[in-house]
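Undergrad: One structure coming up, written as structure tokens, with questions to follow.
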Amino acid sequence: MAPNQSSAGDDKFTFEDIDVSADGSPILRIFISVVYSVVCAIGLVGNLLVFFLMRVRQGRKRSTINVFITNLAVTDFQFVLTLPFWAVDTALDFSWPFGGAMCKIVLSVTVMNMYASVFFLTAMSVTRYLSVASALKKRSYRRSRCVKWVCAVLWLAATAATAPTAVFSTVTVVAGEKLCLLRFPEGHDWLALYHIQKILIAFVIPMFIVCVNYMMLLRFVRRKSMDGSNPKRRSRVTKSVAIVVLSFFCCWMPNHAITFWGVLVKFNAANWDTSYYTVHTYVFPVTVCLAHTNSCLNPILYCLMRPEIRKMLSGLFWRVSSPTQSKAYIQEVQISCQPSALRHRAALMMLTASTPFIQTQIC
């Protein structure tokens, strides 16, 4: 779709909507549609697995970080359910075939879960620092009711941030095509302010909080390691922090950078030219795809970085792949649920029979 250009003597931005004025190549659209489909499939399986693992762990031990991971999985699970709609929309050159009601629902759910995902990632960074600091200070922060209230507040905040999307999203005909987009009142200042809100609330402020908390965490761990603590723990924490921060920054920064460029164009602080049109046409869809991919796979990333979750996952795969291991797993579960005297006797019998053990327990 070609942009509706203004008159030759008018140097102000007067396009209908810069966010939908670009027509990407068919190969790029098909590629993004395929990626959306693959991410949807992986995200559904991965987040369902996270639900199962968190359910098992919550049955044994309730922790703040597990509650946040569960809520993060809920947000991303809801998000992946919207990807098939966007895959079809992208494949059809952004022509929305599902009607006005589905446009409002799908767009609102997508944006709400984007905010919720970022909010829970930020809360997890704060919780992780407080958990390490309080554990070493021999103080307890187990406040299940407080965690539930924090989760409720984060969901309400995500809903409030999504309010403009829910109100102004609609199907609009642009250049003869039905597009699912935001239709604000006259002028482009509203759309620019909306994008500024998204950049600040969904990237700049959360990124600042995440970086500050993880820097304090690394400084705390470094001080303890200098006092004689295990240096391997320091290395493991540093590596996990680097993965979290870099994945969040690298996946979201390109999208928000191009969005900010669009804000400058809308406020006539930057010129509408061929370079912007090219970047918006071919690069911006890729950045959206990258951001969506990161959002869907966050719970999997967080789970796989935790050694206890990896052990649990390994035990689960052993149960599925090997009947012998499955029997051993069941025997171990039965032992762990028996009184201590019987447990020691059964354990001795299993050791003398050279029966393999699986470390994960569910009792």
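Each value in this text was obtained by applying a stated rule to the coordinates, not by laboratory testing. Only a predicted model underlies this, so the values are computations on that prediction, with no experimental measurement involved. We place every Cβ from the backbone using ideal geometry, glycine too, and count neighbours over all the protein chains shown.
Undergrad: Calculated FRET efficiency, LEU193 and ALA152, Cβ-Cβ r, R0 41 Å, to nearest 0.05?
TA: So the FRET efficiency works out to roughly 0.90.
Undergrad: Next question, about the same structure. State the dimensionless ratio Rg/Rh of segment 65-222 (Rg: radius of gyration of Cα atoms; Rh: Kirkwood radius).
TA: 1.08
Undergrad: Given the Cα-Cα distance of ARG183 and ASP93 and 0.36 nm per residue of separation, how much length would full extension add, in nm?
TA: 30.5 nm
Undergrad: Rounded to the nearest 20 debye, what is the charge dipole size of segment 20-305 about its Cα centre when +1 sits on each Lys and Arg Cβ and -1 on each Asp and Glu Cβ?
TA: 2620 debye
Undergrad: Between ARG183 and residues 5 or more places away or on another chain, which pairs have amide H atoms under 5 Å apart, with H built 1.01 Å from N, and which residues are they?
TA: Here the answer is SER169, THR170, since their amide H atoms fall under 5 Å of that of ARG183.
Undergrad: So, one more: Quick one: which residues, 5 or more positions from VAL174 or on another chain, have an amide H under 5 Å from its amide H? H modelled 1.01 Å from N in the peptide plane, none for Pro or chain starts.
TA: Amide H neighbours of VAL174, under 5 Å, 5+ apart: LEU179.
Undergrad: Stokes-Einstein at 37 °C, 0.692 mPa s, Kirkwood radius from Cα pairs: D for segment 20-305 in µm² s⁻¹?
TA: Translational D for this selection: 161 µm²/s.
Undergrad: Ordered by residue, what ³J(HN,Hα) values in Hz, to whole numbers, does segment 80-85 give under the Karplus form 6.51 cos²θ - 1.76 cosθ + 1.60, where θ = phi - 60° and Gly and Pro are x?
TA: 5, 5, 8, 5, x, 5
Undergrad: Right, next: If you take every residue apart from CYS211 with its C-beta less than 15 Å away from the C-beta of CYS211, what net charge results, scoring Lys and Arg +1 and Asp and Glu -1?
TA: Charge balance in the 15 Å sphere: +2.
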